[in-house]
Structure formats: C-alpha cells, structure tokens
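Peer 1: Structure in structure tokens, see below.
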Amino acid sequence: MNQQDFTKIIMNPVRQRIVQYLILHEEGTVSSIREELNDIPPASLYRHIKILYEAGGIEVVRERKIRGTVEKTYALVKNPAGEYSREGAAQMIQAALFSLAASFSRYFAQEENDPRKDLLSLSTSTLLLTDEEFMEMTAKIGAVFNDYIYNKPEEGRKIRRFTLISSPSEEE
C-alpha cells in the first residue's frame with residue numbers, strides 16, 4: 001500500500017481517535033479502546049481496527065486466551081528506522097489539508113450550520129522563535145491538550161477537530 005492510500009485510511013475521524021488512543025496509551029485491546037471511545041458502536045470499532053490492522057498502521061503485540069477466545073493487544077506500528085520520506089510527509093500533509101478543506105466544504109454546504117453557534121474559528125500567527133522557544137511553546141500547547149484529551153463522551157460534549165499546523169513562513 002502506498003503512502004497516499006494509507007493517508008486516506010488514517011484520515012477517517014474514528015480511525016484518528018483509535019490512533020490517538022494508541023498514541024496516548026501505547027497499546028490497547030478492543031475492550032480497553034471501546035471503554036474510552038464508548039460512543040462508537042462495537043461493530044464499527046471492530047471494523048475500523050481491522051482496517052487499520054490490514055493497512056499496516058497497527059499490529060498485534062500480544063495475544064491472550066480468555067474463555068475460549070483470543071484477546072489481542074494492539075499498538076501502532078513503529079518504523080524501525082524512525083524515519084519518513086520527504087515525499088511521504090508531503091503526501092500526508094497534503095491529504096490532511098485536502099481532508100480539512102473537504103470537511104469545511106461539506107459543513108458550509110449545509111444551510112442549517114451556523115459558524116458562530118458552532119464556535120468555528122481560524123487563527124494564524126507568524127512568530128519569531130528560536131528552535132528552543134518553539135519546542136517550549138509546543139510543550140505548553142501539549143500540556144493544555146493533555147488536560148482535555150482523556151475526556152469521555154458525555155452530555156453536551158461535541159467532537160471537535162482541532163488542527164495546529166507549524167510551517168516555515170515565506171520571507172518577505
């Protein structure tokens with residue numbers, strides 16, 4: 001499977017949440033993932049895990065027999081070299097941006113959607129930072145995310161996509 005096909009698979013919101021769970025917890029069984037992502041129907045969760053597994057995004061790291069069935073523990077597949085190609089990175093970023101653009105197109109195509117009511121926002125800033133200042137800032141942003149990333153579905157909570165993009169700025 002090429003990087004572009006894999007990117008399409010990973011851009012699904014449910015699969016993104018499964019990957020996020022595995023990033024946070026390093027590994028998980030279907031039961032443990034279902035406990036945290038309890039708004040996803042079990043059959044759907046199994047299907048999305050199977051898609052990620054067959055695409056090579058997650059792997060079985062442990063199997064345990066429980067009352068005649070086998071419980072599998074999944075983890076993200078790690079690249080042994082810990083590297084990615086420029087082309088692969090470019091494809092992933094472009095696919096993510098196209099996914100965001102498509103999501104906004106669908107949103108604005110529905111007359112009943114109200115950007116003000118839905119708290120839709122966009123902000124961009126150009127900052128002057130050393131690499132050390134940038135790393136410090138991203139650590140602080142990560143700490144803020146950690147305060148909310150373990151939230152469980154409950155009354156009044158909506159799934160919100162929050163995207164931060166760091167890119168070089170073209171010099172004037």
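Peer 1: Could you grab me the full set of residues in segment 32-59 that are surrounded by fewer than 15 Cβ atoms within 10 Å (Cβ to Cβ), small (Gly, Ala, Ser) and touching a residue at least 24 places away in the same chain (Cβ under 8 Å)?
Peer 2: Within segment 32-59, 44, 56 meet the criteria.
Peer 1: Could you check residue 156 against (1) surrounded by 10 or more Cβ atoms within 10 Å (Cβ to Cβ); (2) at pLDDT 90 or above and say which number it fails?
Peer 2: (1)
Peer 1: Can you tell me which residues in segment 76-112 are at pLDDT below 65 and not hydrophobic (A, V, I, L, M, F, W, C)?
Peer 2: 79, 80, 82, 83, 84, 85, 88
Peer 1: For segment 122-144, state whether one or more residues are in contact (Cβ under 8 Å) with a residue 24 or more places away in the chain, at negative phi and polar (S, T, N, Q). Even if it seems obvious, please write down each step before you answer.
Peer 2: If we filter segment 122-144 for residues that are in contact (Cβ under 8 Å) with a residue 24 or more places away in the chain, which is where we start, we get 126, 134, 138.
Right, trim to at negative phi and you get 126, 134, 138.
Next cut, polar (S, T, N, Q) only: 126, 138.
Yes, segment 122-144 has at least one match.
Peer 1: Give the residue that is farthest from residue 94 (Cα to Cα), with candidates limited to residues of segment 10-40 that are aliphatic (A, V, I, L, M), touching a Phe, Trp or Tyr at 6+ places or on another chain (Cβ under 9 Å) and not in a loop (DSSP other than H, G, I, E, B). So that I can check it myself, show each step before the final result.
Peer 2: If we filter segment 10-40 for residues that are aliphatic (A, V, I, L, M), which is where we start, we get 10-11, 14, 18-19, 22-24, 30, 33, 37, 40.
Retained after the next criterion (residues that are touching a Phe, Trp or Tyr at 6+ places or on another chain (Cβ under 9 Å)): 11, 18, 22, 24, 30, 33, 37.
Next, only the ones that are not in a loop (DSSP other than H, G, I, E, B) stay: 18, 22, 24, 30, 33.
Working: 18: 21, 22: 24, 24: 25, 30: 31, 33: 29 Å.
Only one residue fits best here, namely 30.
Peer 1: Still on this structure, I have one more. State all residues of segment 124-159 that are in a loop (DSSP other than H, G, I, E, B) and closer than 16 Å to residue 20 by Cα; if no residue qualifies, say none.
Peer 2: Answer for segment 124-159, where residues must be in a loop (DSSP other than H, G, I, E, B) and closer than 16 Å to residue 20 by Cα: 147, 148, 149, 150, 151, 152, 153, 159.
Peer 1: Tally time: how many residues in segment 19-33 are at pLDDT 90 or above and either over 14 Å from residue 59 (Cα atoms) or under 14 Å from the mean Cα position of the chain (by Cα) (or both)?
Peer 2: 3
Peer 1: Applying the selection to segment 41-61, what residues are part of a helix (DSSP H, G or I) and under 19 Å from residue 8 (Cα atoms)?
Peer 2: Residues of segment 41-61 part of a helix (DSSP H, G or I): 42-54.
Within segment 41-61, 44, 45, 46, 47, 48, 49, 50, 51, 52, 53, 54 qualify.
Peer 1: For segment 105-130, name all the residues that are closer than 14 Å to residue 160 by Cβ and surrounded by fewer than 10 Cβ atoms within 10 Å (Cβ to Cβ).
Peer 2: Once the filter is applied, which keeps residues that are closer than 14 Å to residue 160 by Cβ and surrounded by fewer than 10 Cβ atoms within 10 Å (Cβ to Cβ), segment 105-130 yields 117, 119, 121, 122.
The values are calculated or read from the model by the stated rules, or taken from the named source; none is laboratory data. The model shown is predicted, which means the values in this text are computed figures rather than measured ones. Positions of Cβ are generated from backbone atoms using ideal geometry, with glycine treated the same way; all protein chains shown enter the neighbour counts.
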